[in-house]
Amino acid sequence: MREYLIAASILSADFARLGEEVDNVLASGADMVHFDVMDNHYVPNLTVGPLVCEALRKHGVKATIDVHLMVKPVDRIIPDFAEAGATYITFHPEATGHIDRSLQLVRDSGCRSGLVFNPATPIDYLNYVVDKVDMVLLMSVNPGFAGQSFIHSSLAKLRAVRKVIDASGRKIRLEIDGGVKLENIREIAEAGADTFVAGSAIFSAGNSTDPRRYNSVIQAMRNELAKAK
Ligand code: DX5
Ligand code: ZN
C-alpha cells in the first residue's frame, strides 16, 4: 500500500498566529506543511515569501515544508527558499523559461524538486524531466485561492501521471492540491495521489481552543484513505 501524506496548506490558517497554527496542525497529525507563495502576477493573489518560511523554522518547525511557488519568474527566489529551510520547492512550468534548469537549480540548492500542473496544463513536460523531479503536483483548482471546488477532470489526469511515475520506476510523490476534503479524498487516492494538500477542509474544522483541534478531521481523512483501493 502507498504511504499517504497529508499536507496542511497554511493559506487557510490564521496568519496573525501562524507559528501556533502550524504547531497545532502538526500536533493534530498533519504530515507536512504546504506553503503557498503567491505574487499577484502569476496568480491574482499575494501571500508570503522566504522570510516567513525562515520564521517558521526559527519558531521550531521541524516538519517537511512543501513550498508551492505560484510566482513568475522562479529562479531568483529558489535559492532564498532553500536558505529559508524549504524541503520541497515546486513551481509551474509556465512560470519559468527553462524548466529543466529551474528543476536543477532546486536540487543544486539542496531541496527536493517538483513540477506543478494547472488543470488545463498538459502533463507532457513531465516526460522530459521525470529524472529531475521528486514530486508532481496536480492542481485540482485554478491556483490563487483557498476554498474552491475540486475540478473533476483532475481524476483522469491523476491516473495518467500515476502511469508515468510507475513506468519510470522512480520514487516520485504525486500530490493533489485544491478542493480536497473528507468527501472526495478516497476517490482521489484511488486515482493515484499519495500526497493530499488540504487548506480550508482542515482549518475550518478547528473551532475550539484545543491545540489538537484539527485532529478529528485529519484522522477522518486517514480513515477514508485506509479504505482506498
Ligand atoms: C490554491 C493553493 C492551495 C490552497 C488549497 O492556489 O495552491 O494550496 O490552499 O486550498 P483548499 O484546500 O481550501 O482548496
Ligand atoms: Zn498550493
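The values are calculated or read from the model by the stated rules, or taken from the named source; none is laboratory data. Worth saying up front: this structure is predicted, and the values here are computed from it rather than measured. All Cβ positions, glycine included, derive from the backbone under ideal geometry; neighbour counts span all protein chains shown. Protein only, heavy atoms only, side chains kept; ligands, DNA and RNA dropped before computing areas. Shrake-Rupley method; radii C 1.70, N 1.55, O 1.52, S 1.80 Å.
Any idea of the accessible area per residue across region 5-226, 1.4 Å probe, to the nearest Å²?
Value for region 5-226: 42 Å² per residue.
Mind giving me the nanometre distance, one decimal, between the label points for residue 120 and residue 72, set 7 Å out from Cα along Cα→Cβ?
My value for the distance between the label points is 1.3 nm.
What FRET efficiency would be calculated for the residue pair residue 222, residue 131, taking the C-beta separation as r and a Förster radius of 25 Å, to the nearest 0.05?
After rounding to 0.05, the efficiency reads 0.20.
Calculate what fraction, in whole %, of the accessible area of region 1-138 sits on carbon and sulfur atoms when a 1.4 Å probe is rolled over the protein chains.
51
What translational D, rounded to a whole number of µm²/s, comes out for the chain from Stokes-Einstein when the hydrodynamic radius is the Kirkwood one over Cα pairs, at 37 °C and 0.692 mPa s?
Using the Kirkwood radius from Cα pairs, D works out to 189 µm²/s.
Work out how much length residue 101 to residue 51 would gain on full extension: take 0.36 nm times their residue separation and subtract the Cα-Cα distance, in nm to one decimal.
Difference between extended and current length: 15.6 nm.
Express in Å², to the nearest 10, the accessible area of residue 12 obtained by rolling a 1.4 Å probe over the protein heavy atoms while all chains stay in place.
40
Longest segment of the chain with no GluC sites (Glu not before Pro) in a DSSP loop having at most 15 other Cβ atoms within 10 Å?
Answer from the scan: 4-182.
Would any residue of region 1-41 have its amide N under 19 Å from a label point 7 Å out along Cα→Cβ of residue 58? List them or say none.
It comes to 15-23, nothing else.
Long-range amide H contacts for residue 5: which residues qualify at under 5 Å (H placed 1.01 Å from N, peptide plane, sequence gap of 5 or more or a different chain)?
Hits under the 5 Å cutoff: 195, 196.
In the chain, with Lys and Arg counted as +1 and Asp and Glu as -1 at Cβ, which of these residues, 46, 116, 154, has the Cα nearest the positive end of the dipole, that is, farthest along it?
154
Restricting to DSSP H runs of at least four residues, report the calculated mean residue ellipticity at 222 nm for the chain, -39500 (n - 2.57) per run over all residues, nearest 500 deg cm²/dmol.
Estimated from H runs of four or more residues: -9500 deg cm²/dmol.
What are the lysines whose alpha-carbon lies under 22 Å from the alpha-carbon of residue 163, with same-chain residues fewer than 8 places away excluded?
132, 171, 227, 229
Between residue 15 and residue 187, what length comes free when the chain is fully extended (0.36 nm per residue of separation minus the Cα-Cα distance, one decimal in nm)?
Answer, rounded to one decimal: 58.8 nm.
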